[in-house]
Amino acid sequence: QVAILDFGSQYSHLIARRVRELHVYCELYSCQVDAKELEEHEIIAIILSGGPNSVYEEGAPHVSQGVWDLIQKNSIPVLGICYGMQEMAHVLGGAVVPGLKHEYGKAIARRSEGCNSVLFEDMPEEFQMWMSHGDKLSKVPDGFKPVAATDNSEYVAIENLETKMWGLQFHPEVTHSPLGKVVLKNFVVGVAGAKQDWVMTDYAQEFIDRVVQQVGPKGHVIGAVSGGVDSTVAAVLMTRAIGPRFHAVLVDNGCLRKDEATKVLKRMKEDCKVNLKCVDASDRFLSKLKGVTDPEQKRKIIGTTFIDVFQEEATKIEEEVKHEGGSCDWLLQGTLYPDVIESISYKGPSATIKTHHNVGGLPATMKLKLIEPLRELFKDEVRELGMALGIDEMSVWRHPFPGPGLAIRILGEVTPERVKMLQEADDIVIGELWKSGHYRKIGQAFVVLLPVKSVGVMGDGRTYEFVASVRCVETTDYMTADFYHLPYEVMGTMSSRVINEVRGINRLCYDISSKPPSTIEWE
Ligand code: XMP
């Protein structure tokens, strides 16, 4: 495996992701990992990540001497990226100083004249790379030679062929470094000779093997399942690991999509063999939402009620398990890597990583240990894993659905009649998107019901009914989004079907706002 030592950079997991894209197995370790831990694996290369510190500062994180000894003893190739390169230089006798100019953004790197570094094989003389650093090298360590420069930094890439060490000031792992993948491939495959035979199903098997050990022969695990791709993939993995000792709970909060609870239950039980219990708490949620119009208030009510319901169910499961001589000490969460980054406090590698309170909602007071099989993956990797596990296309490609559900898509007061109206409209719109082949190209699509009535005419009669709006956005990270350019014909079919088939709606609009300045949801 390739070991990535993490110095706390925002991009460390991107390095892991790029290595996985090369079909090479890698693992992420703390930069202060013990040599003994690394020695338990067959490490063929080490990548030192970037990080927010300055190597020369007191308290800055460093690789342990034991690991440097291991590198030397086994002649392990090392690639240092940004802070990683500065760490190498610092330890091996070079010098790192604060740069006069901080360099953030695109830069053109030029290969040193006549240089044919293995790292730049199949690359042009000049290439664009992404920089994000304040410090820079002022002296290369003995035995190293510079192999690329920019206008601002003389030592943008350095190499020591004898000790098999390379350093890069730029970040090859980000998409703004278009040829970064080539550099990483040249190191991981070219230099380290990694086999490119790793696939997503290996990831699944590794998780399963690990969790079987962790939970033990009698341990039980509980988890909330919403039917979205993350919780589905996590639940399937868990079921493959420990079968019926995994207890999944689906809470129907009365604000789910049309027939959602029934569909998820059927899919989970029949197709995925997940031991799922559906708790219908819709009346409890809807009665608490009565008369509430403020969006944040709705979120709060749904969030706390969810925790109450889940906790009650978990207690029941724990009691049952106890009676049978087992114990339930674990909680499964479908946290993804982007959720983890959002929750990291940027104080360096020793900063504690808070657990993101995911859509499923983690009852903070529960004394359960967490299992998070997806915390190293990005959404598209989870989808790839879902496909590899044979999970159906509908589940794998489902758009994200917010925890508070339709409650934040019914502007104003949430009533059972309005939920029903929106469920019908939403079902038609989503159905038409699948039918017309647009669903998978859209980041998120839904209908919102406005607390506004407009006049219409149906047959010979005047109508005075609600207005709804379709929202379809293109986005990859949900932080920014553009409205989706849906063809008029598809809009036409949606409009005619919603207005004719849903009692209570006589006008359908299409939302053409982007985020920012609007948000994706209307509330
Ligand atoms: P906005 O509306 O902020 O949405 O542009 C960005 C993404 O977050 C989802 N979202 C939520 N998800 N609970 C959730 O679990 C919430 O309260 C919530 N609010 C927004 C939204 O659906 C979109 O994917």
task = Can you give me the three principal axis dimensions of the stretch 91-156 from its C-alpha atoms, in Å, biggest first?
result = 32, 30, 16
Unit charges at the beta carbon, dipole of the chain: most positive-side option, Ile71, Gln10, Gly504 = Gly504
remark   = Treating every alpha carbon of the stretch 1-92 as one equal point scatterer without solvent, the Debye formula yields log10 I(q)/I(0) values at q = 0.24 Å⁻¹ of -1.31
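How big is the charge dipole of the chain about its Cα centre, in debye rounded to the nearest 20, if each Lys and Arg gets +1 on its Cβ and each Asp and Glu gets -1 on its Cβ? Walk me through the numbers before you get to the answer.
Values: 57 positive and 72 negative charges, 252 e Å.
With only Lys, Arg, Asp and Glu charged at Cβ, the dipole is about 1220 debye.
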note = Here D for the stretch 415-510, in µm²/s, from Stokes-Einstein with a Kirkwood Rh over Cα pairs at 4 °C and 1.567 mPa s, works out to 93 µm²/s
remark   = Total charge of the residues flanking Gly84 in space, meaning their Cβ is under 13 Å from its Cβ, with Lys and Arg +1 and Asp and Glu -1, is -4
remark   = Cα-based Rg and Dmax for the stretch 25-64, in Å, come out at 11.8, 34
request  = Give, to the nearest whole percent, the P(r) tail of the chain beyond 42 angstrom, counting all Cα pairs.
outcome  = 32 percent
request  = Grab every C-alpha pair in the stretch 200-396, bin the distances at 10 angstrom width from 0 up to the longest one, and report whole percents.
outcome  = 8, 34, 38, 17, 3, 0
ask   = Helix 488-501 versus the longest principal axis of the chain: what angle, 0 to 90°, nearest 10, using Cα atoms?
value = 40 degrees
key: DSSP beta bridge pairing in the chain, given as percent antiparallel to the nearest 5   = 50 percent
ask   = Projected onto the charge dipole of the stretch 200-396 (+1 at Lys/Arg Cβ, -1 at Asp/Glu Cβ, origin at the Cα centre), which of Met387, Ile301, Gly228 gives the Cα projection farthest towards the positive end?
value = Ile301
note = Dipole check, the chain, charges on Cβ (K,R +1; D,E -1), about Cα centroid: among Pro244, Leu265, Tyr337 the Cα furthest to the positive pole belongs to Leu265
remark   = Once both label points are put 7 Å beyond Cα along the C-beta direction, the Lys322-Thr493 separation in nm becomes 5.5 nm
key: Cα-based reach from Lys185 at 30 Å (exclusive), listing lysines while leaving out same-chain residues under 8 positions away   = Lys36, Lys73, Lys106, Lys136, Lys139, Lys145, Lys164, Lys195, Lys379, Lys441
query = Against the longest principal axis of the chain, how steep is helix 83-92, in degrees 0 to 90 to the nearest 10, with axes from Cα atoms?
reply = 20 degrees
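What's the whole-number percent of alpha carbon pairs in the stretch 258-331 lying beyond 20 angstrom? Spell out each step's value before the answer.
Values: 1372 of 2701 pairs.
Taking all Cα-Cα pairs of the stretch 258-331, the fraction more than 20 Å apart is 51 percent.
So how do 471-477, 228-234 stack up, highest first, on mean other-Cβ count within 10 Å? It would help to have the intermediate numbers written out before the result.
On the way: 471-477: 17.6, 228-234: 25.6.
Answer by packing, highest mean first, reads 228-234, 471-477.
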request  = Based solely on C-alpha atoms, express the radius of gyration and the Dmax of the stretch 111-243 in angstrom.
outcome  = 21.8, 64
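Only the coordinates and a few stated rules stand behind these numbers; no lab work does. As the structure is a prediction and not an experimental result, all values here were calculated from the model. Here the Cβ is made from the backbone with ideal geometry for all residues, glycine too, and neighbour counts use every protein chain on show.
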